[in-house]
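Written below as structure tokens is the structure these notes are about.
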Amino acid sequence: MSHMSHTDLHRVVYCALFTALIIIGGYISIPIGPVPMTLADFFVMMAGLFLGLRYGVISVVVYIGLGALGLPIFAGGRAGLGVLMGPTGGFLIGYVCMAAAIGVIMGKGKVSTVRCVMALLAGNIFLYAMGISWLKIVAPYMGVIPQMSWPAALAAGLIPFVPGMVVKIAVASALGRAFLLRFSTLQTRSVNKKQ
């Protein structure tokens, strides 16, 4: 019983740590249009890499839940359900899909640079597919842009973010390759000590 409690405590601490990092990343934002540029997505990538499917998703859901409840932790210090229903709502929900996709792919085999890059690319595809689709649907109703075509949605929700996405994927894959094996070993040792 104590072994399970100790393991669960470690998982709770890791989830809380990554939730805090996502919050910090959300505060580091540059308003460039209806969708701000932030570092939150980078820490969502890291949560998927290091925590896997279940706990990566939990850390992101906690972040979204806290923001929806009114804590000013979304980009630009915003909060509330209105943000989830607004132009950036698709990206916030897309964070869950991003963490899930990365966690699934990383859980399927041996850690390698290629696997990290594939997982991060898949995660970003899910993120931007959801974010851009939601932006196109919601932006006209929110008075952000009267009519939004697909090219306009791509121009507002994807193209400005491509250079940053490439850098974030490169850094996240390098960190994942360097530390993921050690991180997994640390978790395994902590479990074995309690057996």
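Annotation note: of V167, V62, the sole residue that is β-branched (V, I, T), assigned to a helix (DSSP H, G or I) and touching a residue at least 24 places away in the same chain (Cβ under 8 Å) is V62.
With respect to the conditions (1) open to solvent by less than 40 Å² (accessible area, probe 1.4 Å); (2) within 25 Å of S112 (Cα to Cα), P36 lacks only one, and its number is (2). Do you know which of the residues in the stretch 109-138 that are of a type in the set (K, R) and either at pLDDT 90 or above or within 20 Å of I58 (Cβ to Cβ) (or both) is nearest to the chain's Cα centre (by Cα)? In this case the residue turns out to be R115. Taking into account only those residues within the stretch 153-163 that are in contact (Cβ under 8 Å) with a residue 24 or more places away in the chain and touching a helix residue (DSSP H, G or I) at 6+ places or on another chain (Cβ under 9 Å), which is surrounded by the fewest Cβ atoms within 10 Å (Cβ to Cβ)? Applying the filter and picking the extreme gives L158.
Of all residues in the stretch 84-107, those satisfying the criterion of being farther than 30 Å from R177 by Cβ, open to solvent by 10 Å² or more (accessible area, probe 1.4 Å) and in a helix (DSSP H, G or I) are L84, M85. Does I64 satisfy the condition of being open to solvent by 30 Å² or more (accessible area, probe 1.4 Å) and at pLDDT 95 or above? No; evaluated as a whole, the condition is false for this residue.
The values are calculated or read from the model by the stated rules, or taken from the named source; none is laboratory data. Just so we're clear, the structure is a prediction, and the values are computed from it rather than from any experiment. Note that each Cβ is placed from the backbone with ideal geometry, even for glycine, and that neighbours are counted across all protein chains shown. Surface accessibility is based on the protein's heavy atoms, side chains included, excluding ligands, DNA and RNA. Shrake-Rupley method; radii C 1.70, N 1.55, O 1.52, S 1.80 Å.
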